[in-house]
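The block underneath contains the structure these notes are about, expressed in structure tokens.
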Amino acid sequence: LYFANKDGDGLVKTEKTIMYNTNVAKERVILEQLIAGAKGTKGYSTINPDTKVLSVVVKDDVCYVNLNNTFQTTVYSVTPEVVIYSIVNSLCEISGIQKVQISVDGDTSIVYRDKMQLNATYERNLNLMDKGMQN
């Protein structure tokens, strides 16, 4: 999982062991862990804790994530890039996922916080890693 650094302008990689029902997609479990927050880790939360995962589908190495509109409500002091790449980098840790596209209530025409186009697919970006806190 990738959470925000203390300043909210970089990512911190965190490993967490979780027991989960194998009937639930691993991608959904990862998203729910990101939404639940960084408690007990060295990182800081990135996503509004009231966000709901509406659907997650993987097709042709792309993970399509559909979140409810609460996702757009900022509750943490984190840059838009860190929010998006906390999701993208975390999901790209799963083999078979190369890119991620995020939609809000099924809509990809949104520009997240006036900066990140949701109609684009995003690949892992390690340039946002907090150099002082890497494993």
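The values are calculated or read from the model by the stated rules, or taken from the named source; none is laboratory data. Keep in mind the model is a prediction, meaning the values are calculated, not measured. Cβ coordinates were reconstructed from backbone atoms using ideal geometry, including for glycine residues, and neighbour counts include every protein chain displayed. SASA here: full protein model, heavy atoms, side chains in, ligands and nucleic acids out. Shrake-Rupley method; radii C 1.70, N 1.55, O 1.52, S 1.80 Å.
The table for this structure:
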{"item": "Residues whose placed amide H lies under 5 Å from that of Thr46, excluding near-sequence neighbours", "result": "Ala4"}
{"item": "Cα-centre dipole for the chain with unit charges at Cβ (Lys and Arg positive, Asp and Glu negative), debye to 20", "result": "320 debye"}
{"item": "Amide H contacts of Met129 (H built 1.01 Å from N, under 5 Å, at least 5 apart or other chain)", "result": "Leu11"}
{"item": "Residue-normalised accessible area of the range 43-135, given per residue in Å² at a 1.4 Å probe", "result": "50 Å²"}
{"item": "Cα Rg over Rh - the chain, Kirkwood", "result": "0.92"}
{"item": "Fully extended contour minus Cα-Cα distance, from Gln117 to Lys59, at 0.36 nm per residue", "result": "18.9 nm"}
{"item": "For the range 16-81: rounded, prolate or oblate by the Cα gyration tensor [a/c cutoff 1.5]", "result": "oblate"}
{"item": "Percent carbon-and-sulfur accessible area, the chain, ignoring ligands, DNA and RNA, probe 1.4 Å", "result": "44 percent"}
